[in-house]
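Everything on this sheet refers to the single structure shown next.
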Amino acid sequence: MQRTVFETPILRHLFVLVSRVGLWLSGWKLDNPFPAHQKYVLVVAPHTSNWDFPIGLALCFAGGGKPRWLGKHSLFKRPAGPVMRWLGGIPVKRDRAYNLVEQLVETVARYPQLTLAITPEGTRGVVQTWKTGFYHVALGAAVPMIPAYLDYRRKRGGFGPAIIPSGNMDQDLEQLRTFYRGITPKRAENWQAEWQWRRD
């Protein structure tokens, strides 16, 4: 797997310093340390604003996280493509069937350490249903799901408790929905606190 900025000597330390200063100036803080699990699916929600990415990235640097994340393939076109991959991005084409879940399960199994960040909403716009690919990846790879959040009201980012997929999707995802009810996104009008899940 391609080396990312998180494994790049010298520059990584520079980004850590810049991120900590930027977060301090803007008032953002990390509520708790990055999970200690070797491998897990990081469920990133709510996702309503372009600001989620730079703030989340800064928190990753400041907190020592090294996530890989999924993004729509158009973000990876030149000239931005190499930079996005260097930042940990994995391009995904939403309009085609690529057996993506199976590929991601194999990827998780291949590496001894991996944090795979996925936004179940799939868009910054208003959605009432979550895509459940992240759940099937965690279940197939036998790794925990850990909810990650940015709470714009408190200017806090952090993580919830690990959820081990049991195979009972309704029960497992209800735990996620309960956790996210108290989180305030950047654009609250785009957030459906009572979202359902699409059985894809």
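Met145 passes all but one of (1) within 16 Å of the chain's Cα centre (by Cα); (2) open to solvent by 50 Å² or more (accessible area, probe 1.4 Å); (3) of a type outside the set (D, E, K, R); which number fails?
(2)
Looking at Val5, Val41, Val16, Val83, can you tell me which residue is more than 19 Å from Gly160 (Cβ to Cβ) and at pLDDT 90 or above?
That would be Val16, the only listed residue that is more than 19 Å from Gly160 (Cβ to Cβ) and at pLDDT 90 or above.
Where in the stretch 8-125 are there helices (runs of 4 or more DSSP H), lying wholly inside it, with at least 1 residues that are among the polar types (S, T, N, Q) and open to solvent by less than 60 Å² (accessible area, probe 1.4 Å)?
11-26, 100-110
How do the pairs read when you match residues in the stretch 26-47 that are under 16 Å from Ile118 (Cα atoms) with residues anywhere that are open to solvent by 60 Å² or more (accessible area, probe 1.4 Å) and of a type outside the set (Ser, Thr, Tyr), using Cβ under 7 Å and keeping only pairs 6 or more apart or on different chains?
Correct list of pairs: Lys39/Gln113; His47/Arg124.
Spot the failing condition for Ala188; the list is (1) at pLDDT below 90; (2) hydrophobic (A, V, I, L, M, F, W, C); (3) open to solvent by 70 Å² or more (accessible area, probe 1.4 Å), and only one is missed.
Looking at each condition in turn, Ala188 falls short on (3).
Mind listing whichever residues of the stretch 151-177 are closer than 13 Å to Val43 by Cβ, part of a helix (DSSP H, G or I) and open to solvent by 50 Å² or more (accessible area, probe 1.4 Å)?
Within the stretch 151-177, just Gln175 meets the criteria.
If I ask for residues that are aromatic (Phe, Trp, Tyr) and over 25 Å from Tyr111 (Cα atoms), which ones from the stretch 150-171 would you list?
Once the filter is applied, which keeps residues that are aromatic (Phe, Trp, Tyr) and over 25 Å from Tyr111 (Cα atoms), the stretch 150-171 yields only Tyr152.
The values are calculated or read from the model by the stated rules, or taken from the named source; none is laboratory data. These figures come from a predicted structure and were not determined experimentally. Please note: Cβ atoms are built from the backbone with ideal geometry, for glycine as well, and neighbour counts cover all protein chains shown. These accessible areas exclude ligands, DNA and RNA; they are computed on the full protein's heavy atoms, side chains included. Shrake-Rupley method; radii C 1.70, N 1.55, O 1.52, S 1.80 Å.
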